[in-house]
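The structure appears right after this line, and notes come after that.
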Amino acid sequence: MNKHSDLKRDTIKRISIKTFSDAYCLRGPRPRTMESASYNIPFLIGAAVINGAVGPDQIAESRLSDPNILSVADKVEVIHDSKFDTYFPKMTVSEIEIESTSGIRYKTRVGRPRGDAQNPMSDKELTDKFKSLATRSISLEASEKVIETVKMLEKLSNVNELTNIFQDKGREVE
């Protein structure tokens, strides 16, 4: 969707995902728990389309009945394509096709998701992801201190220099 500015959530007619058998199993009914949401492809696609990202906030219990996410999830069809089984587990190949309300079809194939060892995140992507997750429990300043400490891990005289940052996390866990 980032590649096609004319493709918006309101212009999506259908999303078809062809994938291998183990992923095909992740097409279940609407999720009722955060755990089931994290393994439900239609729900995750709905969250990604609505929020532009998928993380803890998108699969929170309060979002499980979000009508915007569910309306997109209802347009997602997960299809088992046995030709993708031959790649698994070395690769997790899927083919995604989005059909717009104007009839235009956008198609892409993913062989190695972002973050895979063969398709790693950049340092910036990794630190941004760490900060977004860590600041759910520690302050931004503490998360930045963790990043800087990890960068010089080999030079630490004691690992407590790292673990102590979590003792003084800047704010309490909610």
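Quick notes on this one:
- Among (1) in a loop (DSSP other than H, G, I, E, B); (2) free of Cβ contacts under 8 Å to residues at least 40 places away in the same chain; (3) touching a helix residue (DSSP H, G or I) at 6+ places or on another chain (Cβ under 8 Å), the one test that residue 145 misses: (1)
- Counting only strands (runs of 3 or more DSSP E) that fall entirely inside region 32-135 and contain at least 3 residues that are modelled with pLDDT of 95 or more and surrounded by 15 or more Cβ atoms within 10 Å (Cβ to Cβ), the qualifying elements are 76-80, 94-100.
- Tally of residues being without any contact (Cβ under 8 Å) to a residue 60 or more places away in the chain and surrounded by 14 or more Cβ atoms within 10 Å (Cβ to Cβ) across region 18-27: 3
- Taken together, the criteria exclude residue 161 from residues that are within 23 Å of the chain's Cα centre (by Cα), of a type in the set (Asp, Glu) and either within 30 Å of residue 7 (Cα to Cα) or part of a helix (DSSP H, G or I) (or both).
- Inclusion of residue 26 among residues that are assigned to a helix (DSSP H, G or I) and either within 29 Å of residue 118 (Cα to Cα) or not assigned by TED's automatic domain parsing to the domain that holds residue 135 (or both) is not warranted.
- Screening residue 12 against (1) within 27 Å of residue 85 (Cβ to Cβ); (2) in contact (Cβ under 8 Å) with a residue 24 or more places away in the chain leaves a single unmet condition, (1).
- Selection status of residue 42, free of Cβ contacts under 8 Å to residues at least 40 places away in the same chain, in the same structural domain as residue 20 (by TED's automatic domain parsing), touching a strand residue (DSSP E or B) at 6+ places or on another chain (Cβ under 6 Å) and farther than 21 Å from residue 133 by Cβ: yes
- Qualifying residue in region 125-135 (condition: more than 17 Å from the chain's Cα centre (by Cα) and farther than 26 Å from residue 46 by Cα): no
The values are calculated or read from the model by the stated rules, or taken from the named source; none is laboratory data. The model shown is predicted, which means the values in this text are computed figures rather than measured ones. Using ideal geometry, Cβ is built from the backbone for each residue, glycine included, and neighbour counts are taken over all protein chains shown.
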